Each structure stands twice: as structure tokens, then as C-alpha cells.
1. Rounding to the nearest 10 and keeping the result within 0 to 90°, find how far the Cα-based axis of helix 438-451 lies from the longest principal axis of the chain.
2. For segment 187-224 and segment 390-444, what is the separation of their Cα centres, given in Å?
3. Once you have a ≥ b ≥ c as the square roots of the Cα gyration tensor eigenvalues for segment 112-262, tell me rounded if a/c is under 1.5, and otherwise prolate or oblate according to whether a/b is larger than b/c.
4. Expressed in nm to one decimal, what extension gain is obtained for the pair LEU305 and PHE190 from 0.36 nm per residue of sequence separation less their Cα-Cα distance?
5. Please state the charge dipole magnitude for the chain, taken about the Cα centre, from unit charges on C-beta atoms (+1 on K and R, -1 on D and E), reported in debye and rounded to the nearest 20.
6. How much mean residue ellipticity at 222 nm does the chain get from its helices, if each DSSP H run of length 4 or more adds -39500 (n - 2.57) and you divide by all residues, to the nearest 500 deg cm²/dmol?
7. Place a point 7 Å from the Cα of HIS86 along the Cα-to-Cβ direction; which residues of segment 403-431 have their backbone N under 16 Å from it?
8. May I ask for the angle, rounded to the nearest 10°, between helix 143-160 and the longest principal axis of the chain, with both axes built from Cα atoms and the value confined to 0 to 90°?
Amino acid sequence: MLSKDRANFGSKIGIILASAGSAVGLGNIWRFPCEVGSNGGAAFILIYLLCITFLGIPVMVSEFLIGRHSRANTASAYQILAPGTHWKWLGLMGVVAAFLILSYYAVVAGWTLEYTFASAADRFSGEKDFTGFFNNFVSNPWKPAACMALFLLLTHIVIVRGVKEGIEKFSKIMMPMLLLIICMLVICSFSMPGSIEGLTFLLKPDFSKVTTKVVLSAMGQAFFSLSLGMGCLCTYASYFSDEANLMKTAASVASIDTLVAIMAGFIIFPAVYSVQGLSPDAGPGLVFVTLPNVFRIAFGNVPWLGYIFSLMFYVLLVLAALTSTISLHEVSTAYIHESYGISRKQAARIVTGICIFLGIFCSLSFGILSDTTWMGMTVFDLFDFVTAKLIMPLGGMLICIFTGWYLDRRLVQAEVTNRGRLRLPFFGIYIFILRYVAPLAIGIIFVNELLK
Ligand code: PFF
């Protein structure tokens, strides 16, 4: 397809909100607090902020410039910029990653739908055993798979409406709603008795807890949270206008993403500390087991407040997950649509169908397929491992090498400065990070994950 015919985002705010929508997701509200909880709180957050600034933003700018310069889906982008070379595999690896991530991510996104329904139907108020509730639900062969399929269908509806009318329009509605809900929840959480202890956990760094494992987890989390290393933001950038300022957009997206992650911590930890006997390092169960307990116990005397708090929280998770599944779906849809000349609608149907099929196996990993493992990993764990631990860091490192070493420096400079129209005082530092700092740092995480 000719680049002139391609769809584009219509406004600067649309560009920022769609990209921030991809970045803000379960990674911020579900995974970030788990990582903070199990890696010692504030010290982890500080290292995370360094990773976002010195690795995340430079890699994001690189993905942006590759996408916008080629004006193509991520697989074709490398063929356009490096014709006849093996770099095309880097783009294809991103498409494979998008299929795999979407398949398991939609399972957890489906859980958020069930928890929203359960909150709306007030099923939590009489519940005492939330571990049992969670385990019964996720191990059921039908219900979580149906929720996963429903979530993918919601994503599908947005995708078939197109880039401007679907992705951009929905991001412009959902992101402000998400930010509003998060602000309201922070206020509620701060007003709970005993919340100060939770805040201290989040804000007082204890550097004795910093180990190499903590540094590596922070780096991995930064990549996952910013949707880097697999062509997602590269695909979105292929719809950016020529006027979009890539550095500023990357800084805005990273700031919104980090703000949401930290605010999620501000919601969860004060709430958890306000109830005695609950632990902040409950891992993945924090959001699905510990929090419903908090809602029930902390609001025992004012059940309607607990009802609202819980409903708002799970709606927040649904919105955050949806803006991310949309971006994952778009990577594969754009690839199939443009590379095979199939209509966008048909391409979207293929992607949704394949992901529902793969998602069923991921969903059953918590039930009847829990004993079907490979190297100790269920299908769900395997998809998570291959993407978040292998493909994303490897992709991130190769993207840095591609932009820092392979691409002509004049092309990079022209793209980042919008053909010389923007002044860019940090360009030298940016190239230095891309050439040396980022590939080395990311390479270390990668090897470490492999050797674990
Ligand atoms: N950044 C998303 C989150 O934090 O939940 C997850 C994600 C979305 C990863 C899109 C990768 C991606 F391409």
C-alpha cells in the first residue's frame, strides 16, 4: 500500500493519548505494584525512573523514527529502511511477539472484566475467601476463556473502525476517563486510616534492598510498561504526522505512563496497609485477592463506599487493559492488512481468531492444563517468558543497534529534528546512549534472564 494512502492520527493530543494508551495498561496497575511490593518499595522506584529516562525514552524515540520514516507496519518498516538485509526478522519478531502477548494479556484482561461484573453485582460484599474466589474462577474451563474472548471482541470492534475513528477516538475518550478514575481513587486511598505506612513504604528508599535482581526487574518492567522492543510504538508512529515532535512525544508518553504507575502504587499500598494482616508483597494476587479483601474490610461500616471504590478500580483496570490490547492488535492487523493485501476488516478477524485460539490454551493453564508444562512453565508462563523476558529486551537492544549503528546518522537526525525544523540540544547524548549505553545495559538483562 502506498504511504500516501495510509491513515494518520488527526491531532497531536490524539498521538500522545493513543501512544500513552498503549503504554498504560495492566503493566502499570497490576505488574508495577507487584514488582514494587516484592522488590523493596521506593529504592525499586528510583531505579525504575532511571531506566525509563536513560533507556526507555531513547528506545521509544528510535521506534518512533523507524515507524514514521518508513510509514509502514513494523515488519515492512525494516525492509524499507534496510532492503535485502536480515533486519526484516526484527520486524517479524515484533509481529510474533504481538500475537503471543495479546493471547496471554487478554486472559488477565478477561479477569478484570469478571471482577468488574462481580463488583457491579455486589458479589464481593458477602465474600470471605477471596483466594478461593480467585482460584475457582481462573481454574474454571469456560468462564475465564469466555471473558478473554469477550475482551478480544471489544478490542476487535475498536480496531475495525480504523486508526482515526477507532484507535484515536477511543483513546481520547478512555484515557481522560482513566486519569480521572485514578485521581479519585488516590484521594479515597489517602483518606483511609493507616495509609501513612503505605506511603512510607512507597516513598522511603531502603538501598540495602537493591540487588542485581532488583535492577534487572526494574529494567524489564520499564520495557514492558512502555510497550517497547516489539514494534508496537513503531506501528503507531507510522500514523504520526510529519509535524509531531518525536522527542517531546516520547517524553510525554513516558511521563504519563510513570505517573499512572506511581499513582497505582499510591492507590494500592495505603489501602493494603490500612488493613492489618495484609501483606504488600502478595505478588500477582495483590490486585485480585488482596484488594477485594481491602475493599470489604476497610469499608465494613460504609459498604456503599466499598462498592464504589471496588467498581471504579476494576473499571480502571478494564480501560487500561483495553487501550493496550488495541495497540497489540494493531501491530498484527496492520502487518496482515498491508503485507498480504487483505482488507483491514478481514485482517482484524484473522488476528482476533488466532488470539482467541491461543488465548484458550493460556486460560486453561490455570485449570485443566496446569500440569502441561515445558521446562516447568505452563503455556501462559511460556508466552510471558518468551515475550517479556526474551523478545522485548532482545528487540530493544537490536532497535538501538539498528538506529545507532546501521541507519545513516543524517537520516536519524533529519527524522528526530523534523528535517531540521526542531532544535535538539541532546542529539549527541541520544546517539551515545543508543550506540553504547542501551545495548550494553539491555544485553546484560537479556543474558541474565537466559542464565536464570
Ligand atoms: N505496556 C502495556 C502495559 O503496561 O500493560 C503492555 C504492552 C502493551 C506491552 C503493548 C507491549 C505492547 F506492545
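The values are calculated or read from the model by the stated rules, or taken from the named source; none is laboratory data. From a predicted model like this one, the values you see are computed outputs, not experimental measurements. Note that each Cβ is placed from the backbone with ideal geometry, even for glycine, and that neighbours are counted across all protein chains shown. The protein model used for the area step is the full one, side chains on, heavy atoms only, and it has no ligands, DNA or RNA in it. Shrake-Rupley method; radii C 1.70, N 1.55, O 1.52, S 1.80 Å.
1. 50 degrees
2. The two parts, judged by their Cα centres, are 30 Å apart.
3. In terms of gyration-tensor shape, oblate.
4. Working: separation 115, 0.36 × 115 = 41.40 nm, distance 1.41 nm.
Stretched fully, the LEU305-PHE190 segment lengthens by 40.0 nm.
5. Values: 30 positive and 23 negative charges, 232 e Å.
My answer is approximately 1120 debye.
6. Details: 21 runs with 302 residues, N = 452.
After summing the helix terms and dividing by the residues of the chain, the value is -21500 deg cm²/dmol.
7. From segment 403-431, the list is 406.
8. Approximately 40 degrees, to the nearest 10.
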